[in-house]
Amino acid sequence: MDQEPGQPESDTAYCAALARAEDRDRFLAAQFASPPARARLLALLALNAEIARVPRAAREPLLAEMRLQWWYEAVLAVLAGKPPPRQPALAAFARAAAGAGLVAEPFERLIVAHARDLTANPLRDAADAENHAEALSGALAQAALALLGVTDETARRAARAAGIAHALVGLVGAGGNPVRDLIRERIAEARTDAASIPRAALPVLLWATAAEIRLRRLDRGKTLPPPWLPLQLAWRAWRGRY
């Protein structure tokens, strides 16, 4: 599909605004990537945000299922190198994914996980919560690393753990203390080999920092994100830590 003049810039701005509004933690973490890599990450986060809000926006479960199927087919088209439907997050994602070696399976699991929100199907236990979080964010973190050009296997394992921890923070109310313990375990796992992980992976691995900060606030009964989160992420990034 040929781009009209100004469309790439418009798509990028759309993705940045959507990621900032719907996924603030990961939007902030993406700011520590180089400008081209940041644009790729924001395209992925915006795509995820578009998919995540389908169950919240649809009035009828059947319509939501149809919309989720539309997104899945659109992502498949992008990954196959085909022109996507004209939609700003998809257009930006298509440019970001070109040559990145992304595969369809994580996105399929992501969409299935969001489809679960359409049913009265509560999480059964901590293991179920972890599986759900991995589908929502663990594989997404690995896709984000690919968009950063990081292929190191240690970094991939750490990113998966960071992604799970961040998604679990959003589920902690349903899971109680076992889920909180699991978040701490995944944060520790993400940091196991921190010294050997490429610095280029930080915009994804900082998800673990955001998860840790949010968990501390939840432990004190506070649900709103701290206003100083950007400064905390910046301090960790400057030191090359997460």
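The values are calculated or read from the model by the stated rules, or taken from the named source; none is laboratory data. Keep in mind that what you see is a predicted model, and the values were worked out from it rather than measured. Note that each Cβ is placed from the backbone with ideal geometry, even for glycine, and that neighbours are counted across all protein chains shown. We work out accessible area using only protein heavy atoms, side chains counted, and drop any ligands, DNA or RNA first. Shrake-Rupley method; radii C 1.70, N 1.55, O 1.52, S 1.80 Å.
The combined condition, being under 26 Å from VAL204 (Cα atoms), of a type outside the set (Phe, Trp, Tyr) and more than 17 Å from the chain's Cα centre (by Cα), is not fulfilled by GLN69.
The residue list ALA115, ALA139 contains one member that is more than 24 Å from PRO8 (Cβ to Cβ), within 12 Å of the chain's Cα centre (by Cα) and not acidic (Asp, Glu), which is ALA139. Would you call ALA133 surrounded by 15 or more Cβ atoms within 10 Å (Cβ to Cβ), without any contact (Cβ under 8 Å) to a residue 12 or more places away in the chain and part of a helix (DSSP H, G or I)? Considered against the rule, which asks whether it is surrounded by 15 or more Cβ atoms within 10 Å (Cβ to Cβ), without any contact (Cβ under 8 Å) to a residue 12 or more places away in the chain and part of a helix (DSSP H, G or I), ALA133 comes out as no. Of all the residues in segment 223-233, those that are of a type in the set (A, V, I, L, M, F, W, C) and closer than 21 Å to THR192 by Cα number 1. Each residue in segment 213-238 was checked for being in a loop (DSSP other than H, G, I, E, B) and exposed (fewer than 13 other Cβ atoms within 10 Å of the Cβ), and 7 of them qualify. In segment 52-124, counting only helices (runs of 4 or more DSSP H) that sit wholly within it, the ones holding 2 or more residues that are open to solvent by 70 Å² or more (accessible area, probe 1.4 Å) and in contact with a helix residue (DSSP H, G or I) (Cβ under 9 Å, 6 or more places away or on another chain) span 54-57, 61-79, 105-115. For segment 7-21, give me each residue that is of a type in the set (Ser, Thr, Tyr) and over 16 Å from GLU50 (Cα atoms). Residue satisfying the conditions is SER10 alone.
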